[in-house]
Amino acid sequence: MAASSLELRGDVTLYLTRFSGCVEGLLCVTFSPDGLPAPPVIPPFVFMTRVSAEQALVTSDVIVTDGLRLEAS
């Protein structure tokens, strides 16, 4: 089963084992323990295409997917 959309709101933290994508569709990079380290500074808004991630953990105040809403209380 797969969701067509996933929205995370509030205080969001992503812990990933591997992350790749193309920044603004121009510069494609992969971050992993065996490759590039995570960037030291991340701008507040970054648009990426062709994103792929191996997810270890996500925490968020609100998670909304396909009409299902989960909220921390």
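The values are calculated or read from the model by the stated rules, or taken from the named source; none is laboratory data. Just so we're clear, the structure is a prediction, and the values are computed from it rather than from any experiment. Reconstructed Cβ throughout: ideal geometry from the backbone, glycine too, with neighbour counts over all protein chains shown.
Just checking, which of ALA56, ALA38 is touching a strand residue (DSSP E or B) at 6+ places or on another chain (Cβ under 9 Å), at pLDDT 70 or above and of a type in the set (Gly, Ala, Ser)? Before you say what the answer is, go through the steps one by one.
Numbers: ALA38 fails: at pLDDT 70 or above.
That would be ALA56, the only listed residue that is touching a strand residue (DSSP E or B) at 6+ places or on another chain (Cβ under 9 Å), at pLDDT 70 or above and of a type in the set (Gly, Ala, Ser).
Before we move on, is GLU24 in contact with a strand residue (DSSP E or B) (Cβ under 7 Å, 6 or more places away or on another chain), at pLDDT 80 or above and charged (D, E, K, R)? Break it down stepwise before answering.
Working: in contact with a strand residue (DSSP E or B) (Cβ under 7 Å, 6 or more places away or on another chain): no; at pLDDT 80 or above: yes; charged (D, E, K, R): yes.
Considered against the rule, which asks whether it is in contact with a strand residue (DSSP E or B) (Cβ under 7 Å, 6 or more places away or on another chain), at pLDDT 80 or above and charged (D, E, K, R), GLU24 comes out as no.
Taking the range 15-30 as the search range and keeping residues that are within 12 Å of the chain's Cα centre (by Cα) and of a type in the set (A, V, I, L, M, F, W, C), which one is surrounded by the most Cβ atoms within 10 Å (Cβ to Cβ)?
As a first pass, look at the range 15-30 and keep what is within 12 Å of the chain's Cα centre (by Cα): 15-21.
Checking the rest, the ones that are also of a type in the set (A, V, I, L, M, F, W, C) come to 16, 19.
On the way: LEU16: 14, PHE19: 19.
The residue in question is PHE19.
Quick one: which of VAL46, VAL12 is modelled with pLDDT of 85 or more, surrounded by 10 or more Cβ atoms within 10 Å (Cβ to Cβ) and not basic (Lys, Arg)? Quick ask: steps written out before the conclusion?
On the way: VAL46 fails: modelled with pLDDT of 85 or more.
Every option except VAL12 fails the conditions.
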